[in-house]
Amino acid sequence: TKQGLKMPDNFLWGGAVAAHQLEGGWQEGGKGVSIADVMLAGKNGVPRVVTDGVLPDGNYPNHRGIDFYHTYADDFKLFKEMGMKAFRTSIAWTRIFPNGDETEPNEEGLQFYDDMFDALIENGIEPVITLSHFEMPYHLVTEYGGWRNRKLIDFFVRFAEVVFDRYKNKVKYWMTFNEINNQTSWKDPHPMLQNSALKDYSEDEAQELMYLASHHEMVASALATKVAHEINPEMQVGCMIAMNPVYPASSNPKDILFAERAMQTRYYWGDVQANGKYPNWLLKMWEHKGFNIGVTEEDKEILAKYTCDYIGFSYYMSWTVSDTGDEWLEYDETTNHGDNPFLKQSDWGWQIDPVGLRYAMNWMWDRWQKPQFIVENGFGAYDKKDENGEVHDDYRISYFQNHISEMEKAVVLDGVELYGYCPWGVIDLVSASTGEMAKRYGFIYVDLDDMGEGSGERSKKDSFNWYQKLVKSDGVDL
Ligand code: P53
């Protein structure tokens, strides 16, 4: 085995999931229909189709998840056996406010998470909770047009206040909006719906709508942070950023400049949420494009005053760009990427880049000066069971060894402050981008296929034992 660097004793070695990708029980306990409930399964290279409401014969994998709604108590025993100290999941907004615009919450939904958090705490596992993880009430899309509508700020803050108050003695670590910056790819309808509940807009208005919706989300996030601290000053409320570094394809200064603008474009959300204000280049760009985002003086004050407590982030891959010759340096995430000759890709075309994690942690530390929390990192792969029914996922172990080793250097050698590490999909679940079960991330195998066929039985992969040893040794036994 490899030798790692010892991490601090209180470091939160954990695992991460999101409600809509594993709970199932989509109509139980008074739950409303979420945007994940109207997404059909796609496949590797085949995007997921969003339907107009729920169609009778569609294959909607998020309706089933891995039935965690009923199995969590047993699953937590396996988590404990693995040594997990933290578990990141989300609260499905639709279990608490089924339509999103009610004034009173649904008690059955609140009770469900009370029981779940109790079960976690009994197993010595700290809950880490995301408020909005790609699973907003569908009603907010059809009735209000999603986050383009300022009314959503009130709905979100009400939801946040209810759960902060209810779980104030059980949950310390929170995040507001999952991967808020995925909508950098505003030409792709998928993040527009998942992040901002935007549907039915014209191509010409997409980019402006994205900035408008994001503005409302960031004001809502700041107000939620304010409320959290009023309820319990101990609570830590993070932003949540998808960290995919964008590199210049060469040392040509034009490529360097363009890549820097790509970074500024992808991470301005962090600038607003951590530093409390919009960067000048973006204000200039809005002016140039004639965008009217309607940032009020009051909004500015809120953003400046209630910045996030920490930077939650996911890390899977890095990208490469070359200068396009555009004077305004406009970065188009859907067309500007090239392959990096130094890196290999997963079966889904995600470039594997462990060193980029150390680079990114240093870059964020310098820019935002806030503690960090890696709340996703992992390797989606086709796992095969051998004749004894075992999964030997050495490729996954090696992905984790290489990434964790760079994370440890960022902390121990570079001094970046890091709360913890929660690998994604600690138990197999439905993929967000493709809706497949076949794209597996877990240390724990779940016997279910893309159509939801299978026993649902859980079993340990080789990576389970590997992670258990790693945690026991505080990161030394890599
Ligand atoms: P899946 C795109 C790029 C990077 C991460 O992704 C992304 C996405 C959106 O799909 O999402 C995060 O399941 C997300 C999780 C998701 C995980 O990464 O598409 O926060 O919900 O499951 C992995 O392979």
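Derivation of every value follows stated rules applied to the coordinates shown; laboratory data play no part. Just so it is clear, the structure is predicted and the values come from calculations on it, not from any experiment. Cβ: placed from backbone, ideal geometry, glycine included. Neighbour counts: every protein chain shown.
Please compute the length gained on full extension between residue 398 and residue 143, using 0.36 nm multiplied by the number of residues separating them and subtracting their Cα-Cα distance. Walk me through the numbers on the way to the answer.
Details: separation 255, 0.36 × 255 = 91.80 nm, distance 4.70 nm.
Stretched fully, the residue 398-residue 143 segment lengthens by 87.1 nm.
Both the radius of gyration and Dmax for region 206-292 are 15.8, 51 Å, in that order, over alpha-carbon atoms. For residue 260 and residue 327, the difference between the fully extended length at 0.36 nm per residue and the C-alpha to C-alpha distance is 22.7 nm.
Evaluating 6.51 cos²θ - 1.76 cosθ + 1.60 at θ = phi - 60° for every residue in region 237-242, the Karplus couplings come out as 10, x, 7, 9, 10, 7 Hz, glycine and proline recorded as x. Of the two radii for the chain, the radius of gyration is 0.94 times the Kirkwood radius, both from the alpha carbons; that is the Rg over Rh value. Globularity index of region 378-478 is 1.17 (Cα radius of gyration / 2.2 N^0.38 Å, N = number of residues).
Hey, what did region 12-472 get for relative contact order, percent, Cα under 8 Å, at least 6 apart? Numbers along the way, then the final one.
Working: 933 pairs, mean separation 80.9, N = 461.
Here the relative contact order equals 18 percent.
Just to be sure I understand the model, the point goes 7 Å from the Cα along the line to the Cβ. What's the resulting residue 305 to residue 286 distance in nm? According to this spin-label approximation, the distance is 2.0 nm. Across region 314-409 the C-alpha pair distances fall into 5 Å bins from zero in the proportions 2, 10, 17, 18, 17, 15, 9, 5, 3, 1, 1, 0 percent. Once a ≥ b ≥ c are taken as the square roots of the eigenvalues of the Cα gyration tensor of region 260-340, is the result rounded (a/c under 1.5), prolate (a/b larger than b/c) or oblate (a/b not larger than b/c)? Because a/c hits 1.5 or more and a/b fails to exceed b/c, region 260-340 counts as oblate. Shown for the chain: cysteine residues without a partner Cβ closer than 4.7 Å, namely 422. Pairwise alpha-carbon distances in region 1-120 exceed 17 Å for 64% of all pairs. In terms of surrounding Cβ atoms within a 10 Å radius of their Cβ, 52, 309, 165, 101 rank from fewest to most as 52, 165, 101, 309.
Paramagnetic label reach from residue 73 (point 7 Å along Cα→Cβ; backbone nitrogen cut-off under 16 Å): within region 89-124, residues 111-124. Per residue, the chain reaches -11500 deg cm²/dmol at 222 nm when only DSSP H runs of four or more residues are counted, each adding -39500 (n - 2.57).
Pull out the extension gain between residue 386 and residue 154, defined as 0.36 nm times the separation in residues minus the alpha carbon to alpha carbon distance; nm, one decimal.
Numbers: separation 232, 0.36 × 232 = 83.52 nm, distance 5.20 nm.
Contour length minus Cα-Cα distance gives 78.3 nm.
According to the calculation over all Cα-Cα pairs in region 303-356, the P(r) per 5 Å bin from zero is 4, 15, 18, 16, 13, 15, 12, 5, 1 %.
With charges set only on the Cβ (+1 for Lys and Arg, -1 for Asp and Glu), what does the dipole of region 12-472 come to about its Cα centre, in debye to the nearest 20? All intermediate terms of the calculation are to be shown ahead of the outcome.
On the way: 43 positive and 72 negative charges, 217 e Å.
Approximately 1040 debye in magnitude.
Round to the nearest 0.05 the FRET efficiency obtained for residue 413 and residue 455 when R0 = 30 Å and r is the Cβ-Cβ distance. Before the final figure, lay out the partial values.
Numbers: r = 46 Å, r/R0 = 1.52.
Plugging the Cβ-Cβ distance into 1/(1 + (r/R0)^6) gives 0.05.
With R₀ fixed at 45 Å, the C-beta to C-beta distance from residue 472 to residue 298 puts the FRET efficiency at about 0.35. A convex hull fitted around the alpha carbon atoms of region 156-230 yields 86 Å³ per residue.
The Rg/Rh ratio of region 33-92, with both radii computed over alpha carbons and Rh defined as the Kirkwood radius, is 1.10. Each DSSP beta bridge with both residues in region 12-472 is either parallel or antiparallel, and the antiparallel ones are about 25%. The value obtained for region 127-277, namely the Cα convex hull volume divided by the number of residues, is 124 Å³ per residue.
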